[in-house]
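A short write-up of the structure that comes next.
The values are calculated or read from the model by the stated rules, or taken from the named source; none is laboratory data. If you're wondering where the values come from, they're calculated on a predicted model, not measured in any experiment. Backbone-built Cβ (ideal geometry, glycine too); neighbour counts: all protein chains shown. With ligands, DNA and RNA removed, areas are computed over all heavy atoms of the protein, side chains included. Shrake-Rupley method; radii C 1.70, N 1.55, O 1.52, S 1.80 Å.
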Amino acid sequence: MLDVGAVARVLLEKMPLLGPAGDQALAALIALHDLGKVSASFRAMLQDGRPQRYRHWEHSGDHLWRLDPLLADHFGGTEATRKVLVEAIVGHHGGPRAGLAPDKLSQQRAEIGAKACMDAHQILALTLGLFPQATLDGLDLPAARALSWHLNGLTVQADWIGSNPDWFAPASPELTLEQYWKRAQDQARRAISAAGLFGAEPLRRSSAPLLGDYAPRPLQQAALSNSLPDGPTLMILEDSTGAGKTEGALILAHRMMQASKGAGLFFALPTMATANAMLPRLESAAEHLFDDRPTLALSHGRAHLSEAFREICARDGSNTEDGPHCGRWLGDDRRRVLMADMGVGTVDQALLGVLPTRFNGLRLRALSQRILIVDEAHDYDPYMQAQLERLLQMQARLGGSAIVMTATLPGVKKQAFQAAFQRGLKPKLSPWGGRSSAIPSGAVAPYPALTTIANAVQVTAVEPARSRNVGVERIATMGEAVGRIKVAQAQGAACIWIRNAVDDAIAAVDALQDAGVEADLLHARFALCDRLAKEAMLRDRFGPAATQARRAGQVLVATQVVEQSLDLDFDLMISDLAPIGAMIQRAGRLWRHMEVRPALARPIGGPCLQVLSPDPDDVPDVRWLHRVLDRGAYTYQLPDSWRAAKALFQAGEISEPAGLRPLIEAAEGADPLPLPEVLAKAEIEKEGQGRAERGIARNAVIDTHDGFQQKAMAKVWDEEVFPTRLGVPQVTLALAVQGPDGLSPLAGAVQDGWALSEVSISVVKFDALTDFPDQSLPSIAAVKSNWSEARGKHTYLAPLSADGKICEGLRYDRELGMIFGG
C-alpha cells in the first residue's frame with residue numbers, strides 16, 4: 001500500500017492537482033486504497049482458497065467510511081467531498097463499488113471481522129502520520145467531483161506501477177515505517193522512470209524547425225504566432241487538404257505544452273490505417289518537440305502488428321540518436337499507451353474515456369494531461385459526434401486542452417464543439433446545451449481559419465496556402481465510367497475509381513477487365529496480410545515518390561479506404577456519388593503532388609472529379625440514386641448524397657479554398673439546399689436516425705459534472721463490448737490453409753500470422769451462410785486450443801479449399817478479397 005502511495009506522491013510532484021498540502025491528502029488516500037485486504041475473508045482466500053463474497057476494494061470502502069472521523073480530523077473538508085474522493089480510490093479495479101443495503105452491509109462487516117477492523121484503524125492512523133501537512137480544506141463538492149476522475153486514474157496508474165515486484169522488491173521487516181516510506185519514494189522515482197513516464201520535457205525553443213527548409217504556410221504561421229489564452233484551450237484548424245494542418249497542429253501542441261497546458265500529446269485519428277500512417281510522422285517530429293528521449297506509442301486493436309511500432313518498442317531509450325522509444329510497460333496495454341509523451345491511435349481509444357468502460361478514469365486522466373489532437377473531425381456520424389462533444393467537454397472539465405483539425409467541418413458542428421468545450425469550463429451549465437453563436441456559421445464564415453476557444457472566442461482568418469480549381473463532371477452510367485478510364489489509361493494516366501461498396505468495387509474490376517483494362521483492387525474485405533501488401537504496392541505505384549514509368553497507365557479501383565489513410569496521387573478520378581465531405585476528401589487525391597508532378601508532366605489536361613451520379617434535377621422517386629449505383633446507393637444517407645450532387649454540379653468545380661465553405665454549408669450546413677419533394681420522407685428518416693443515434697450516445701456517456709461514482713457508472717463494460725461506433729456488427733474470420741502438419745494461417749509462418757490472416761464480414765451475411773465450417777472439427781479445434789480465450793471466443797477459423805472456397809456462398813480470392821455468392 002505504501003509503495004503505491006509513494007508512486008502517487010511522486011507523480012503528484014510531477015503533475016500537481018491541489019498544491020502541496022492537498023496533494024499530500026490525495027497521496028494518503030491512495031496509500032489506503034487496499035485497506036480492505038485487512039479482512040478475515042481476504043486472509044481466508046490467501047490461506048485456504050476460500051472465495052470472497054465481497055472483494056477487497058469493497059472492504060476498503062467500508063473501512064474508510066467507518067473510519068471517516070479520523071479522516072475528518074486529519075484532512076478537514078466536508079463529509080460529501082471526502083465521500084466522493086474515497087469512492088474514486090476504492091474503484092481502482094476499473095469501476096465504482098455498488099452501494100449495499102443495510103442487511104448486505106452487516107454481512108460484509110461480518111466477513112471483514114472485528115480483529116481486522118481494529119487493525120485497519122491502526123494502519124490508517126499510522127499511514128496518516130506520514131502525511132502531516134495533508135488537508136482537503138477549501139475543496140468544494142463540484143471540484144471534488146471533477147477531481148474524482150483524476151484521483152481514480154491516478155490510483156490505477158500508481159497501483160499498476162507500485163505493484164510491480166521488479167521495481168518494488170520486499171524489504172527487511174527491521175525498517176521503521178518512516179524508513180520504509182523514504183525507501184518507497186526513492187524506488188517510486190526509479191520505477192516511474194523505468195515505466196517511461198516524465199522522461200522528456202518540451203523543448204524551450206520554437207518548433208518551427210520541424211517544417212524543414214520550407215517557409216511556414218499561412219496556417220502554420222498563425223499557429224506559431226497567435227496568442228494563447230490562459231487555462232484550458234481548444235484550437236480548431238480549418239484548411240484544405242495538403243495545407244499543412246498536421247504540422248500546424250504539432251506547432252500549436254508544442255506551444256501549449258510550453259505554456260503548461262499538457263505534458264505530452266495524443267493524436268486521435270479515424271482509422272487504424274491513418275493512425276499507422278501518422279506514427280512515422282510523429283517519430284520524425286519528436287526531436288523538434290521534446291528534449292532527451294521522449295516515449296512514442298501506438299494505440300489501437302492491432303498496434304502490435306505495426307512493424308514501425310515494433311521497432312520503436314525495441315529501443316531501450318539509452319541512445320539519444322535512436323529517436324523515440326516505448327518500453328514494455330507502456331507498450332503492452334492500450335490504456336497505458338495514452339501516458340506516453342507522444343501517442344497516436346484511433347479516436348476510439350479516447351472516446352472510451354467518456355463511456356462507462358473499465359478504467360475510463362485512467363484514460364481521462366492521461367488525456368487531460370496531454371494535448372488531445374483530433375484529426376478529420378468532420379468525419380463522424382451523430383453517435384460518434386455526440387461522444388466527441390462529451391470528450392471535449394470532459395477534457396476542459398479536467399483542465400486539459402485540445403486541437404481539432406478538419407478540412408470540411410460544417411459550421412453547426414464547429415459551434416457544437418465550441419459549446420461543448422465551454423460547458424466543460426463552466427460546471428454550472430447543463431452538460432447538454434444549444435450551439436454557441438460566438439463562432440460565425442454559414443458560407444460567410446472565414447476559411448481557412450484558426451479558431452481559439454477558451455472563455456472567449458477568437459476567429460483568425462488565414463490566407464490560403466494554395467489555390468486550385470478541380471473541375472466537376474457528371475457521369476451517367478457505369479459503362480461511361482469504364483470508357484473514360486480506358487481512354488485515359490491509353491494516354492498514360494494514373495487512374496482511380498472510388499466506389500461506395502465492396503461488391504460494387506469488385507463488379508467494376510470485372511467490367512474493366514471485360515473492356516481490356518487491368519485494374520488493382522483495394523477494399524476492407526481483404527485479409528490483413530494481403531491488404532498491407534497491397535497498400536505497400538500502391539504507395540510505391542501512386543505515392544509521392546512514384547516514378548512516371550511506374551504509374552503510367554495504372555488503374556486502381558478502391559472503396560473509401562483511400563480517402564484518408566494513403567498518400568496517393570492520380571491524374572484521373574472517377575468517384576461514386578457520396579456526401580460532400582467525402583467528395584472533397586477524394587478530390588484531394590487528384591493532382592495531389594504538384595511539386596513532384598507539375599501540370600506539364602501530366603498526360604491529361606487538368607484535374608477533374610468525374611462523379612458517377614444521376615441528375616439531381618431529375619428525381620422521380622426515392623430510388624433516384626439506384627438508377628446509377630447498386631449497393632453503393634445504400635452506403636450514405638440519400639439527402640446527403642443528393643445535396644452533394646446538387647452543390648457540386650451547380651458549382652461546376654471545387655475551388656480550394658475559397659469555394660469549400662459554400663459547398664460544405666450548402667450540403668450540410670444549418671440551412672442546406674432544399675430537397676425535392678419526393679425525398680422529404682428520406683429527410684425525415686435521416687433526421688430521426690440522427691436524433692436516435694445522438695440519444696443513444698447521450699444515454700451512454702458519463703455525466704461531465706458528476707463524479708466517478710455516478711449513475712452512468714453503475715455498470716462498467718469491457719472495451720470490446722461497449723461500442724464507440726454504431727453500424728453493421730462484424731464477425732472476424734481467420735483464414736487458414738491446409739498443410740502437411742494441419743491448418744496454418746494464410747499469412748504464413750510469420751509473427752502474428754493468425755492476426756495477419758484475419759478479415760471481417762458483416763454478422764448479417766455471416767448468419768445467412770448455411771454450412772460454415774463447424775468450429776468443433778478436430779482440425780479447427782486443434783488450432784484454436786492454442787489461441788487466447790478472447791481470440792477463440794470472438795474469431796472463427798475459416799479453412800480455404802484450393803480454389804478459395806470456405807463454404808457455399810463464400811470464398812476468398814487474394815486478388816479480389818472476400819466474395820459472397822457464387
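Applying the criterion of being more than 11 Å from Pro410 (Cβ to Cβ) and assigned to a helix (DSSP H, G or I) to the residues of region 661-678, the residue that is nearest to the chain's Cα centre (by Cα) is Pro662.
Under 9 Å between Cβ atoms, which residue pairs at least 6 apart in sequence (or on different chains) link something in region 718-738 that is closer than 14 Å to Asp348 by Cβ and charged (D, E, K, R) with a partner that is at pLDDT 85 or above and in a strand (DSSP E or B)? Close Cβ pairs (under 9 Å, with a partner that is at pLDDT 85 or above and in a strand (DSSP E or B)) amount to Asp718/Thr357; Glu719/Thr357.
Scanning region 461-513 for residues that are small (Gly, Ala, Ser), closer than 21 Å to Ala582 by Cβ and part of a helix (DSSP H, G or I) yields a count of 4. The criterion of at least 1 residues that are under 33 Å from the mean Cα position of the chain (by Cα) and at pLDDT 95 or above is met, among helices (runs of 4 or more DSSP H) falling completely within region 1-86, by 2-14, 20-31.
Do you know which of the residues in region 570-581 that are at pLDDT 95 or above and either assigned to a loop (DSSP other than H, G, I, E, B) or under 27 Å from the mean Cα position of the chain (by Cα) (or both) is surrounded by the fewest Cβ atoms within 10 Å (Cβ to Cβ)? Break it down into steps so the answer makes sense when it comes.
Pass one, region 570-581, residues at pLDDT 95 or above: 570-580.
Within this subset, residues satisfying the condition of being either assigned to a loop (DSSP other than H, G, I, E, B) or under 27 Å from the mean Cα position of the chain (by Cα) (or both) are 571, 577-580.
Working: Asp571: 26, Leu577: 27, Ala578: 26, Pro579: 21, Ile580: 28.
Looking at the filtered set, the residue picked out is Pro579.
Mind checking which residues of region 692-715 are within 23 Å of the chain's Cα centre (by Cα) and open to solvent by 70 Å² or more (accessible area, probe 1.4 Å)? Scanning region 692-715 gives Ile696, Arg698, Asn699, Lys715.
Hey, among the residues in region 100-146 that are among the polar types (S, T, N, Q) and touching a residue at least 60 places away in the same chain (Cβ under 8 Å), which one's least open to solvent (accessible area, probe 1.4 Å)? Explain how you work it out, then say what you get.
So the first thing to find is which residues in region 100-146 are among the polar types (S, T, N, Q), and the list is 106-108, 122, 127, 133, 135.
Now restrict to residues that are touching a residue at least 60 places away in the same chain (Cβ under 8 Å): 127, 133, 135.
Values: Thr127: 10, Gln133: 120, Thr135: 41 Å².
For region 100-146, the residue satisfying everything is Thr127.
Checking the condition open to solvent by 30 Å² or more (accessible area, probe 1.4 Å) and of a type in the set (Phe, Trp, Tyr), which residue from Trp181, Trp167 passes? Lay out the reasoning, then the answer.
Working: Trp181 fails: open to solvent by 30 Å² or more (accessible area, probe 1.4 Å).
Just one listed residue meets the conditions, Trp167.
Are any residues in region 225-258 outside any loop (DSSP other than H, G, I, E, B) and open to solvent by 40 Å² or more (accessible area, probe 1.4 Å), and if so, which ones? First the steps, then the outcome.
So in region 225-258, the residues outside any loop (DSSP other than H, G, I, E, B) come out as 225, 234-238, 245-258.
If the condition is that a residue be outside any loop (DSSP other than H, G, I, E, B) and open to solvent by 40 Å² or more (accessible area, probe 1.4 Å), then Ser225, Glu247, Arg255, Gln258 are the ones that fit.
Applying a threshold of 8 Å to beta carbon distances and a minimum spacing of six or more residues, or different chains, the list of pairs starting in region 149-176 at a residue that is over 14 Å from Arg336 (Cα atoms) and of a type in the set (Gly, Ala, Ser) and ending at one that is part of a loop (DSSP other than H, G, I, E, B) and open to solvent by 10 Å² or more (accessible area, probe 1.4 Å) reads Gly162/Phe168.
Among the residues that make up region 89-99, is at least one of them outside any helix (DSSP H, G or I), more than 33 Å from the chain's Cα centre (by Cα) and touching a residue at least 24 places away in the same chain (Cβ under 8 Å)? No, region 89-99 contains no residue that is outside any helix (DSSP H, G or I), more than 33 Å from the chain's Cα centre (by Cα) and touching a residue at least 24 places away in the same chain (Cβ under 8 Å).
Pick from region 184-215 the residues that are free of Cβ contacts under 8 Å to residues at least 24 places away in the same chain and either assigned to a loop (DSSP other than H, G, I, E, B) or of a type in the set (Gly, Ala, Ser) (or both): which of them is most open to solvent (accessible area, probe 1.4 Å)?
Kept after step one, since they are free of Cβ contacts under 8 Å to residues at least 24 places away in the same chain, are these residues of region 184-215: 186, 190, 193, 205-206, 212-215.
Restricting the remaining residues to those that are either assigned to a loop (DSSP other than H, G, I, E, B) or of a type in the set (Gly, Ala, Ser) (or both) gives 193, 205-206, 212-215.
Working: Ser193: 81, Arg205: 145, Ser206: 65, Gly212: 50, Asp213: 160, Tyr214: 181, Ala215: 78 Å².
By that ranking, first place goes to Tyr214.
Restricting the search to region 259-275, which residues are under 12 Å from the mean Cα position of the chain (by Cα), of a type in the set (Ser, Thr, Tyr) and either at positive phi or part of a helix (DSSP H, G or I) (or both)? If the condition is that a residue be under 12 Å from the mean Cα position of the chain (by Cα), of a type in the set (Ser, Thr, Tyr) and either at positive phi or part of a helix (DSSP H, G or I) (or both), then Thr274 is the only one that fits.
Conditions (1) closer than 19 Å to Leu252 by Cβ; (2) over 14 Å from the mean Cα position of the chain (by Cα); (3) among the hydrophobic types (A, V, I, L, M, F, W, C), marked per residue:
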| site | (1), (2), (3) |
| --- | --- |
| Arg334 | no, no, no |
| Ala350 | yes, no, yes |
| Arg358 | no, yes, no |
| Gly361 | no, yes, no |
| Met384 | no, no, yes |
| Leu392 | yes, no, yes |
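Check region 719-728 and report whether any residue there is within 24 Å of the chain's Cα centre (by Cα) and either among the acidic types (Asp, Glu) or outside any loop (DSSP other than H, G, I, E, B) (or both).
Step one: list which residues in region 719-728 are within 24 Å of the chain's Cα centre (by Cα), which gives 719-728.
Narrowing further to those that are either among the acidic types (Asp, Glu) or outside any loop (DSSP other than H, G, I, E, B) (or both): 719-720.
Looking through region 719-728, at least one residue is within 24 Å of the chain's Cα centre (by Cα) and either among the acidic types (Asp, Glu) or outside any loop (DSSP other than H, G, I, E, B) (or both).
For region 270-283, state whether one or more residues are among the basic types (Lys, Arg), over 19 Å from Leu528 (Cβ atoms), open to solvent by 10 Å² or more (accessible area, probe 1.4 Å) and free of Cβ contacts under 8 Å to residues at least 40 places away in the same chain. Break it down stepwise before answering.
Start the filter on region 270-283 by keeping residues that are among the basic types (Lys, Arg), which leaves 281.
Filter once more, keeping what is over 19 Å from Leu528 (Cβ atoms): 281.
Remaining after also requiring open to solvent by 10 Å² or more (accessible area, probe 1.4 Å): 281.
Next, from what is left, pick out any that are free of Cβ contacts under 8 Å to residues at least 40 places away in the same chain: 281.
Yes, because at least one residue in region 270-283 is among the basic types (Lys, Arg), over 19 Å from Leu528 (Cβ atoms), open to solvent by 10 Å² or more (accessible area, probe 1.4 Å) and free of Cβ contacts under 8 Å to residues at least 40 places away in the same chain.
Against the condition β-branched (Val, Ile, Thr) and open to solvent by less than 30 Å² (accessible area, probe 1.4 Å), how does Val678 come out, does it pass? Taking the combined requirement at face value, the residue does not satisfy it. Among the residues making up region 1-41, those that are within 21 Å of Trp167 (Cβ to Cβ) and open to solvent by 10 Å² or more (accessible area, probe 1.4 Å) are Met1, Leu2, Asp3, Arg9, Glu13, Lys14, Met15, Asp34, Lys37. Test Glu480 against the stated conditions and say whether it is farther than 30 Å from Ala223 by Cβ and open to solvent by 60 Å² or more (accessible area, probe 1.4 Å). So Glu480 passes the test. Whether a residue is of a type outside the set (Gly, Ala, Ser), assigned to a helix (DSSP H, G or I), at pLDDT 95 or above and open to solvent by 10 Å² or more (accessible area, probe 1.4 Å) was assessed, and Asp615 does not pass this test.
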